[in-house]
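The values are calculated or read from the model by the stated rules, or taken from the named source; none is laboratory data. Since the structure is predicted, the reported quantities are computational estimates derived from the model, not experimental observations. Using ideal geometry, Cβ is built from the backbone for each residue, glycine included, and neighbour counts are taken over all protein chains shown. Surface accessibility is based on the protein's heavy atoms, side chains included, excluding ligands, DNA and RNA. Shrake-Rupley method; radii C 1.70, N 1.55, O 1.52, S 1.80 Å.
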Amino acid sequence: MNRRWQIVSAVTALAAIGFVGSVLTTPPATGYESSIHDAYPPQTWVGFGLALVGGLTLVFRSAITDRPGWRYGVVTLASVYAVFFALPLFRGYYVYGTPMSDAFYHFGIVRDVLETGTVPETVYPATHLLYATLTTVTGVPMRILQPVVAFCFFLLFVGSCFLLGRCLFGPRGGLATLGAAMPLVFVSHHLTTLPWLFALPFLPLSLSLAHRWADRRRSSRAGPFVAALVCGIALVFYHPVTALVTVLALVVYAGVVAAPSLRRRLPLLRSETEAESGRAYATPYRYPAVLAIAGILWYLSISQVTHFLDRVVTNDIDGGAASYASTAQQTSYSTWELVWEFLVLEWGTVLVYAGLGAGIAAVILGRALRGRDSRLERLCVAQYAAGIGVAVFFVGSRVLSRNVVRINSYTVIGAILLLGLAITGLVSYRDAAADRWKQRGATVALCGLCVSVLVVALLAGAVAYEDDRHVTHATMAGAEWHHENHDSGIDTRAFRMSEQLQRYFEGTTGADPDDRQFHRSLEGYQLPTRLGYDDHGSVGDVYENETYLVTKTADIEWARNRPPDRRAEIDHYTDDDRDRLRADPAAHRIYSNGDVSVWVVEPDG
C-alpha cells in the first residue's frame, strides 16, 4: 500500500475512532429528545460519514486494482455500523420504533414462548424462537437484543451478497458486490425487528450455495446441495413470502444457467465414451436438483402464504402505494415536499439502486442485441427483472404494497448483483483496452458507480434514524401502569399508541381482544384535536361516558416538529391544551411520571 492509501486508511481509522469515541462519551438523554442526530455534535456525524466513505473506498480499491487493504475497510465499516445500530442503547431509549411498531407484536410472541414454552400460531416462528433462545441463554431483555440481532442479520446479508458475488464473478467481483451491499439500503427497516428482512439474507445465500453445487465438476460431494436445502427450509420459517421469492430466484437461475448447458451437453453425451460422459454429465444433472430445492420450498411455503392472504382479504387491510400517494396528495404537501419526503427520505436509497440496476440492465440488453452478452450477464438481468416483476405484482394485488422499500427487496438484490457485475466488467474492459479514450471512459464509469454507492451509503446513514421514532422508558412505564390498573369498562383515548403494546405486556395469546386499551387508527381510540378545546370549554362536554385520556410529551414534540402549514391537518394538542386539562375540573389525573399522564374525564351533567 503506497503512501497515499496509507493516509486514506489512517484518516478512515481516525474518523471511525472519533465517531465511536464521541458516542461513548456523550451522556444519555435525560428527557424526551426528538432527534437522535441533534443529540451529538456535528463532528460526530462528520466522523461517521468519513468512516463510511473511507471504508467503502478501500473495498472498491481492492476490487478495482486487486491490491490488499479491503479487510481494513470492512473492519472499519463493521465497527462504525455496530455502534450506529446500538445508538438507541447509548441514548437510553427503551426501544427504537414507535408504540405502533410491529416489533412489540413480535416481542409479544416471544413472551408467549418464554412463559408457555409453546409457539402460538404464526407464519414466521424462527424470529421469535431466536429471540426466546437468546433471552433465555443470555438473560438479556429482548428489547436490548433488538439492535444486536438486527446488526447480525445485516452482516449476514452483506456476507451472503459477498459470497454470491464471489461465486459468480470471482474474488474481485465478490469485493465489488460486497461494497455494493454495504450501504443501509433498507434504511430504518434495518434497525428494528422485521422477519422479512431477517429472512432476506437467505436468498443470496441459497443462490450461492445452489450455484456452487450445480457448477461443481470435480467432486460429487453433496455438501453445498444439503446446505442450500437447509438454508431454504430455514427461510420458510423466517418468512414464507420471502421463501416463495427465493423459489422464483432459483427457478430463474436454473432456467438461465441450466438450459444452455443442457442444450450443448446432451447431444455430446450420445457420442462420448462412458468415462467421458460421466465428466460431461457432472454439471447438467445437478440443475434439476436446484429445481427440486425450489419445489420443496414452494410446498412448505404456499400453505402459510395462502393463510396469510386469507387474513388480509378477511380483514380488508387497505394498503397500496397508490393509496399511500393519494393520501399524501390530500394534504398540503407541495410537489417539492412530496419529492423530498418520499422519493428522497423514504424511498431514496432503494430508488437509486433500482435506477442504477435499470441503467446497467439497459447496457447489457444493448450488448445482447449485438450478440455480445454472456450468460452471467443474462442471469443478473433476469434476477433484476424478476425483482421488478415481484414489486409490480405486490403493487397490483395491493398486498404489502404500501411499503415500497419492502416490496423492492428482491429488486435491490438484483441491483447489487448488477453493480458487482458492472464494476468487475468495467475493470476487465479497462485493463484489456488498448485505446486510451476507452480506458478513460471505463475509468469514468467505474468512478460513477462507486461514487453512487458512496452517496447511497451517506444518504442511508443520514435518514435511517427518523425523528420522533423511538419509545422512552417513561412512555412504556405509563402505558404499562394504565394496562395494569385501568377499568375495562371505561374507554381509553390516546395518540400514537396501538394494540401492539397490550400484546407486548401480556403476550399475543394472553391479550384480551375485548379489552383493548389502544388502537393505532380507529377513531374511537384517538384523542380529539387539541383535546376537544377547539369546540368545547371543558373535556366534560366532549364525552358522554367516563373516559380515560393518556397524554404524552412525545405527542406534543411530534406535532411541534411537523411543518406549520400541516399541523392543521393532523390530530394534535399543545402544551397550552395540556395546561387547560390540568385546570379542568372534569379531568382528574390519576397517574403521572413527568412525561406521561393518565386522566379520568367525568362527563358534565
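Work out the FRET efficiency for E557 and I7 from their Cβ-Cβ distance, taking R0 = 45 Å, and round it to the nearest 0.05.
Details: r = 43 Å, r/R0 = 0.96.
The calculated FRET efficiency here is 0.55.
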Problem - Pair E480, V344: separation of 7 Å Cα→Cβ label points (nm) - result: 4.1 nm
Exercise for the section: State the percentage of accessible surface on the range 472-601 attributable to carbon and sulfur atoms; use a 1.4 Å probe and exclude ligands, DNA and RNA. Expected result: 41 percent
Problem - Efficiency of FRET from Cβ geometry, R566 and H536, R₀ 22 Å, rounded to 0.05 - result: 0.35
Exercise for the section: Could you check the simple spin-label distance between D373 and D515, using points 7 Å along Cα→Cβ, in nm with one decimal? Expected result: 6.2 nm
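Over the Cα atoms of the range 472-601, what is the Rg over Rh ratio if Rh follows Kirkwood?
Working: Rg = 14.3 Å, Rh = 15.1 Å.
Dividing the radius of gyration by the Kirkwood radius yields 0.95.
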Exercise for the section: In whole Hz, with x marking every Gly and Pro, tabulate ³J(HN,Hα) for the range 338-355 from phi via Karplus 6.51 cos²θ - 1.76 cosθ + 1.60, θ = phi - 60°. Expected result: 4, 4, 5, 5, 9, 6, 9, 6, 7, 10, x, 5, 5, 5, 5, 5, 5, x
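What net charge is computed for the residues neighbouring A180, neighbours being all others with C-beta under 15 Å from the C-beta of A180, Lys and Arg scored +1, Asp and Glu -1? Don't skip to the end; give the middle numbers.
Details: positive: R61, R166, R172; negative: none.
Local net charge: +3.
Give me the mean projected area, in nm² to one decimal, of the convex hull enclosing the Cα positions of the range 505-565.
Working: hull surface 24.9 nm².
One quarter of the hull surface, i.e. the mean projection, equals 6.2 nm².
How much net charge surrounds L338 when only other residues with a Cβ under 13 Å from its Cβ are counted (Lys, Arg +1; Asp, Glu -1)?
Working: positive: R566; negative: E337, E341, E346.
Value of the local net charge: -2.
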Completion exercise
For the range 61-135, the per residue accessible area (1.4 Å probe, Å²) is 37 Å²
Completion exercise
For I590, other-chain or 5+-apart residues with amide H closer than 5 Å (H placed, Pro excluded) are V598, W599, V600
Completion exercise
Distance in Å, no decimals, from the C-alpha centre of the range 1-67 to the one of the range 434-476 is 14 Å
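Calculate the dipole size of the range 472-601 relative to its Cα centre from +1 charges on Lys and Arg beta carbons and -1 charges on Asp and Glu beta carbons; express the result in debye to the nearest 20.
Working: 15 positive and 26 negative charges, 101 e Å.
With Lys and Arg at +1 and Asp and Glu at -1, about 480 debye.
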Completion exercise
The correct ranking of S34, S160 by accessible area at 1.4 Å, largest first, is S34, S160
Exercise for the section: With a 1.4 Å probe and every protein chain left in place, work out the accessible area per residue of the range 472-601 in Å², rounded to a whole number. Expected result: 46 Å²
Handout entry: Lys/Arg +1, Asp/Glu -1 at C-beta; the range 472-601 dipole; positive extreme among P564, L531, H473
Key = P564
Problem - Computed accessible area, I144, all protein chains, 1.4 angstrom probe, square angstrom - result: 50 Å²
Practice task
Taking 7 Å along the Cα-to-C-beta vector as the label spot, tell me the R582-L365 distance in nanometres, rounded to one decimal.
Solution key: 6.4 nm
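Could you please report the charge total around Y96, scoring K, R as +1 and D, E as -1 over all other residues with beta-carbon less than 10 angstrom from its beta-carbon?
Details: positive: R91, R143, R469; negative: E466.
Taking every Cβ under 10 Å from that of Y96, the sum is +2.
Relative to the present Cα-Cα distance, how much length would full extension add between V119 and W45 at 0.36 nm per residue of separation? Can you show the working numbers first?
Numbers: separation 74, 0.36 × 74 = 26.64 nm, distance 4.19 nm.
Difference between extended and current length: 22.5 nm.
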